[in-house]
Structures are given as C-alpha cells and as structure tokens.
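Take a look at the structure below.
The values are calculated or read from the model by the stated rules, or taken from the named source; none is laboratory data. It should be emphasised that the depicted structure is a prediction, and the values quoted were computed from it without experimental measurement. Every residue, glycine as well, gets a Cβ built from its backbone with ideal geometry; the counts of neighbours run over all protein chains shown.
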Amino acid sequence: MPQLRMVGAIQPRITAGQNPPFSKSALPLMTELGGLFRRGLVSILGRRISRWPFDDRLLVWLVPDLIPAASAFHAGKGKPLVGLYNAHELSTLDLRLLERLAASLEHLQPGTISSLKRAPTGMRSRWVRLRHGKRPDNRHR
C-alpha cells in the first residue's frame with residue numbers, strides 16, 4: 001500500500017497534449033486535500049485513465065457515476081463539470097467529496113487526517129471545523 005504523505009504547495013499540472021480538467025476549479029476543497037496526498041493517491045487511482053488530469057481521476061474515483069460525463073468531456077463531446085451543475089450544487093458536492101476523500105484517506109492509512117495539523121493554515125482551519133461536526137468554510141482565500 002502506498003504511503004500517504006502530505007506534499008507542499010498544490011499546483012495544477014497539465015502536460016503538453018493533455019486536456020484541461022473536467023472538474024476545473026469547481027471543487028476547491030476536494031482538489032486541495034487530494035493535492036496534499038497526491039503522491040500516494042496517484043498509484044491508488046490506477047492507470048485506466050492516466051491521461052486525464054489528477055483532479056479528474058480523483059473525482060471519478062470518488063464518484064464513479066461521473067465517468068461517462070468526464071469521458072465525454074475528454075473526448076471533446078461533453079461539458080465541463082461547471083456546465084452540469086449550478087454553483088450551489090457544486091459547493092455541496094465539494095463538501096461531500098471532501099468528507100468522502102477524508103474518510104477514504106483515513107481508511108487507507110489511519111491517522112492521515114490528523115497529519116493535517118501540518119497543513120497550510122486555510123486547510124487546517126477547515127479541517128478543525130469538519131472534525132468537530134461543522135461545515136468548513138468553502139470560500140476562496
């Protein structure tokens with residue numbers, strides 16, 4: 001099993017010839033948490049859709065029902081995620097995916113979420129709220 005370690009700053013990575021992400025920046029909380037554990041998650045996400053950006057691979061790992069929509073987008077025949085949901089729906093989806101990803105990370109390696117005490121301040125404050133049963137603030141910094 002891959003070791004889940006936090007990495008530094010999160011930068012979207014799109015290589016030459018790679019499509020822009022289906023999820024774009026519509027899911028900032030999920031993207032931020034996933035980015036912190038990117039190295040360990042990459043091997044878990046597998047190679048089936050390895051040409052897709054990391055954020056999209058993470059999204060469809062968490063919500064396999066979105067594979068057809070993401071596939072259509074990457075084939076040039078579908079809308080990005082922001083074209084499928086309104087802002088409120090995306091915000092709600094982001095919070096649910098944040099919770100699902102946190103539970104998955106904790107299941108894969110117990111104690112992973114407690115390591116967020118070393119996370120950037122914005123993420124840390126959202127996690128403190130989430131761990132105490134409150135919704136994290138979903139505003140951009």
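For region 60-80, which positions are in a helix (DSSP H, G or I) and surrounded by fewer than 13 Cβ atoms within 10 Å (Cβ to Cβ)? Answer for region 60-80, where residues must be in a helix (DSSP H, G or I) and surrounded by fewer than 13 Cβ atoms within 10 Å (Cβ to Cβ): P64, D65, P68.
Scanning region 21-52 for residues that are closer than 27 Å to N86 by Cα, of a type in the set (S, T, N, Q) and over 13 Å from the mean Cα position of the chain (by Cα) returns no hits. Taking residues in region 93-121 that are surrounded by fewer than 16 Cβ atoms within 10 Å (Cβ to Cβ) and basic (K, R), and partners anywhere that are outside any helix (DSSP H, G or I) and at pLDDT below 90, the pairs with Cβ atoms closer than 8 Å and at least 6 places apart or on different chains are R118/M6. Set side by side, the residues R57, R135, R126 differ, and just one is modelled with pLDDT under 80 and buried (at least 19 other Cβ atoms within 10 Å of the Cβ), which is R126.
For (1) touching a residue at least 60 places away in the same chain (Cβ under 8 Å); (2) in contact with a Leu (Cβ under 6 Å, 6 or more places away or on another chain); (3) farther than 22 Å from L105 by Cβ, each residue gets a yes or a no:
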site	(1), (2), (3)
M30	yes, yes, no
L33	yes, yes, no
R47	no, no, no
W52	no, no, no
V60	no, yes, no
P64	no, no, no
P68	no, no, yes
F73	no, no, yes
E89	no, no, yes
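Filtering region 52-70 to residues that are farther than 9 Å from F22 by Cβ and not basic (K, R) leaves F54, L58, W61, L62, V63, P64, D65, I67, P68. Within the option set R47, R39, being modelled with pLDDT of 55 or more and assigned to a helix (DSSP H, G or I) holds for one residue only, R39. The set of residues in region 81-111 being part of a helix (DSSP H, G or I), touching a helix residue (DSSP H, G or I) at 6+ places or on another chain (Cβ under 8 Å) and among the aliphatic types (A, V, I, L, M) consists of L81, V82, L90, L95, L97, L98, L101, A102, L105, L108.
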